[in-house]
């Protein structure tokens, strides 16, 4: 099921089914129940359930922004499954250095494009990379 949103630059087509899958995946990644997201977003649990199941025909941008905030996620990730390449590369570069940050960013963005259905798993891997202590190089 698709829906559109209008903004200053034109009309954008949304894949409501994909948005619902992202909401469900992110909620599960966070270990939360529908009631938790509903409370955080000041919405009903029924709306969250309908959204996860792709049964919201014309979602309001403000509602989706509230759900994204409840999921501790940027709105673009919720709507399009996209991550900011600049933000990701900056974080990885700070953590691992310039060349590794650039290479890892390219790999991760390639995975996101190739496997948008796995964005929750990819997000978890990135979090692990950013939170884990860098390992010392092993001499060969």
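Just so you know, all these numbers are worked out from the coordinates, no wet-lab data involved. As the structure is a prediction and not an experimental result, all values here were calculated from the model. Because the Cβ atoms are built from the backbone with ideal geometry, glycine has one as well, and the counts that use them run over all protein chains shown.
The share of Cα pairs per 10 Å bin across the range 11-65, counted from zero up to the longest distance, runs 24, 61, 14, 1 percent. Taking label points 7 Å from Cα along the Cα-to-Cβ direction, residue 44 and residue 106 give a separation of 5.0 nm. Extension gain, residue 113 to residue 13, is 34.2 nm, computed as 0.36 nm per intervening residue step minus the present C-alpha separation.
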